[in-house]
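The values are calculated or read from the model by the stated rules, or taken from the named source; none is laboratory data. Please read all numbers here as calculations on a predicted model, not as lab measurements. Here the Cβ positions follow ideal geometry from the backbone for every residue, glycine too, while neighbour counts run over all protein chains shown. The area values use the complete protein model at the heavy-atom level, side chains included, leaving out ligands, DNA and RNA. Shrake-Rupley method; radii C 1.70, N 1.55, O 1.52, S 1.80 Å.
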Amino acid sequence: MVVEVAREVAALRAVPAPFSPPCRLITADALAKELDRKLRRDLPVPPELFLEALWRLGLIDETPAAVYPRLLDFYTSQVLGFYEPAGNELVIVRRGSLAESEGRLVWSHELAHAAQERTSRLPSRLLAMRHDTDEQRAASAVAEGEAMLVMTLLSAPGATRDDLLDLAEAAMAAQAESGLEAPGVPDFFVKDLLFPYTAGFSAVLRAYRSGGWPAVDRMLRRPPASTAALLHPDRPAPGPPIPDSAMPALPAGTDEVITDALGEWTLSTWL
C-alpha cells in the first residue's frame, strides 16, 4: 500500500523518480521511546527544562515531573506513523491491521512529508529552527497543512476536487473548535498539537485556491517567519527582530537556560 500511495503522491506533487522512502516497522510499545528520543533531539533544551520554562511562565499549571510522562502517553496515543528526515524513512507503528482507507490517509500524509524533504527540505529545516519555536511552529503549520492537502486530494479519487476541499475545510474548522479529549494533559499541549493541522491547512488551502501548486511550493520554500505572519498574511511585514546585542545582560549569579520568541500563538494562548 505504501509503494502504491508513494506513486500517487509523486504524481500529484511532481516528485522526480525514484520516490519510495524505506519503511521501518516498530511496535506500539517502542513508540514512546522513539518520541522521547525525538523530543530530546528536537527541542532547544532537554524536555524537563523546556517544560519548566513553560511552567514558570504560567503556560502550564503543573511541574514538569508530573506533566512529561502524561505528555508522552498523549503523543503516543495520537501517532500511527511519522516521517523521519534524518533517515529519510517512514516509521510505521504496528497497531493491528489498518483498514485500507485509513492506511491510505496515514501514508499519503507521511509520504507528503517525504516529498517535502525531496523538493524543499522543509522537514530538515524545521529541526534547525528549534531555537525559535514561533518560527518553527509557523513552518511546521505549512508542512502539516500541505500534507493535509495532499491527503485530502488523494482520499477519494472519484470525488470532485472542490467538494473534497470544502468538506475538509469544514472538518478542520470543527476540529479547531472542538479540540481533543486529553484528560490530564495541559491545554497548552493539546492546542499546540492541533494548531499546525488546523491553521496550517487553512493557510495552505488559501494559497492553493489562489495560485495552485506553485503558490504552495513557494510557501514550502519560504514559510512564514512567525505565527503572526501565518495567521495574518495580509498584514505588512514586521521590522527586523531585536538583535541579541540589544538584550539586557543577565543578572549576576544567573545562567541562561533558554532564549526564545513566544510569538502571537503562544501569547494568545497564554492570555
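Numbers for the structure displayed
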{"quantity": "Whole-number Å³ per residue for the convex hull built on Cα positions in the chain", "calculated": "148 Å³"}
{"quantity": "Environment charge of L35, counting only residues whose C-beta is closer than 11 Å and scoring Lys/Arg +1, Asp/Glu -1", "calculated": "+1"}
{"quantity": "Theoretical FRET efficiency, 1/(1+(r/R0)^6), r = Cβ-Cβ of D162 and V79, R0 35 Å, to 0.05", "calculated": "0.65"}
{"quantity": "DSSP-defined antiparallel bridges as percent of all bridges, the chain, nearest 5", "calculated": "45 percent"}
{"quantity": "V3 paired with E256, simple spin-label distance in nm, labels 7 Å along Cα-to-beta-carbon", "calculated": "5.1 nm"}
{"quantity": "C-alpha long axis of helix 187-221 to longest principal axis of the chain, angle in °", "calculated": "50 degrees"}
{"quantity": "Solvent-accessible area, 1.4 Å probe, carbon plus sulfur percent, for segment 106-150", "calculated": "48 percent"}
{"quantity": "Kirkwood Rh (inverse of mean 1/r, distinct Cα pairs), segment 1-109, angstrom", "calculated": "16.0 Å"}
{"quantity": "Protection proxy ranking, peptides 27-38, 80-91, 132-143, average beta carbon neighbours within 10 Å, highest first", "calculated": "132-143, 80-91, 27-38"}
{"quantity": "Portion, in percent, of the accessible area of segment 182-271 that falls on carbon or sulfur, probe 1.4 Å", "calculated": "60 percent"}
{"quantity": "Solvent-accessible area per residue, Å², over segment 158-271 with all protein chains present [probe radius 1.4 Å]", "calculated": "64 Å²"}
{"quantity": "Pairwise centroid distance, computed over Cα atoms, of segment 7-24 with segment 82-125, Å", "calculated": "11 Å"}
{"quantity": "Normalised contact order of segment 1-141, rounded percent, pairs of Cα under 8 Å and 6 or more residues apart", "calculated": "30 percent"}
{"quantity": "Relative contact order of the chain, pairs being alpha-carbon contacts under 8 Å that are 6 or more residues apart, as %", "calculated": "22 percent"}
{"quantity": "Structure-based [θ]222 nm, the chain - -39500 (n - 2.57) summed over DSSP H runs of at least 4, per residue, nearest 500", "calculated": "-20500 deg cm²/dmol"}
{"quantity": "Efficiency of FRET from Cβ geometry, E48 and A173, R₀ 35 Å, rounded to 0.05", "calculated": "0.50"}
{"quantity": "Shape category assigned to segment 149-237 from the gyration tensor of Cα positions, a/c cut at 1.5", "calculated": "oblate"}
{"quantity": "Nearest-0.05 FRET efficiency for D187 and A11, computed from C-beta distance (R0 35 Å)", "calculated": "0.30"}
{"quantity": "Relative contact order of segment 88-216, defined on C-alpha pairs under 8 angstrom at six or more residues apart (%)", "calculated": "28 percent"}
{"quantity": "Calculated Rg and Dmax of segment 56-129 using C-alpha coordinates, Å", "calculated": "16.0, 45"}
{"quantity": "Those residues of segment 136-156 whose amide nitrogen sits under 15 Å from the label point placed on A215, 7 Å along Cα→Cβ", "calculated": "146, 149"}
{"quantity": "Kirkwood Rh and Cα Rg combined as Rg over Rh, evaluated for segment 42-179", "calculated": "1.00"}
